[in-house]
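In what follows, a structure is listed as structure tokens, so that the remarks can point back to it.
The values are calculated or read from the model by the stated rules, or taken from the named source; none is laboratory data. Nothing here was measured: the structure is a model prediction, and the numbers come from that model. Please note: Cβ atoms are built from the backbone with ideal geometry, for glycine as well, and neighbour counts cover all protein chains shown. We work out accessible area using only protein heavy atoms, side chains counted, and drop any ligands, DNA or RNA first. Shrake-Rupley method; radii C 1.70, N 1.55, O 1.52, S 1.80 Å.
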Amino acid sequence: MKKFKFEIREIDAWMYDGEWNWNTSYHMGDMVTSAKNEKRAFTSWMKKHAGITFKMNRTLIEYDGDVYTIIDRKTKEPLFAAIPEY
């Protein structure tokens, strides 16, 4: 099975002109997975390695074709990102 490597980052973002902009981000670790459901692998990694869990219906995981981003469902603020390493 092919394995994929992602850099996990915590995002510090601010609202400007009605859009969230990344101010800075902090490296949390690297995730290596061969899972078909990368969203589930991302949240499992967060729980196992950072002790972070999310309440039901409080967050969404967006995928823009390259990066997986965990966002707050209500405010749409980006919280964490899984960035693929090629």
Selection count, the range 55-78, where residues are open to solvent by 60 Å² or more (accessible area, probe 1.4 Å) and either farther than 16 Å from Arg9 by Cβ or in contact (Cβ under 8 Å) with a residue 12 or more places away in the chain (or both):
10
Can you name the residue in the range 1-32 that is modelled with pLDDT under 95 and more than 23 Å from Lys74 (Cα to Cα) and, of all such residues, is surrounded by the fewest Cβ atoms within 10 Å (Cβ to Cβ)?
Lys2
Restricting the range 1-51 to residues that are in a loop (DSSP other than H, G, I, E, B) and touching a residue at least 24 places away in the same chain (Cβ under 8 Å), the residue that is farthest from the chain's Cα centre (by Cα):
Met1
Verdict on Pro84 being buried (at least 17 other Cβ atoms within 10 Å of the Cβ) and in contact (Cβ under 8 Å) with a residue 24 or more places away in the chain:
no
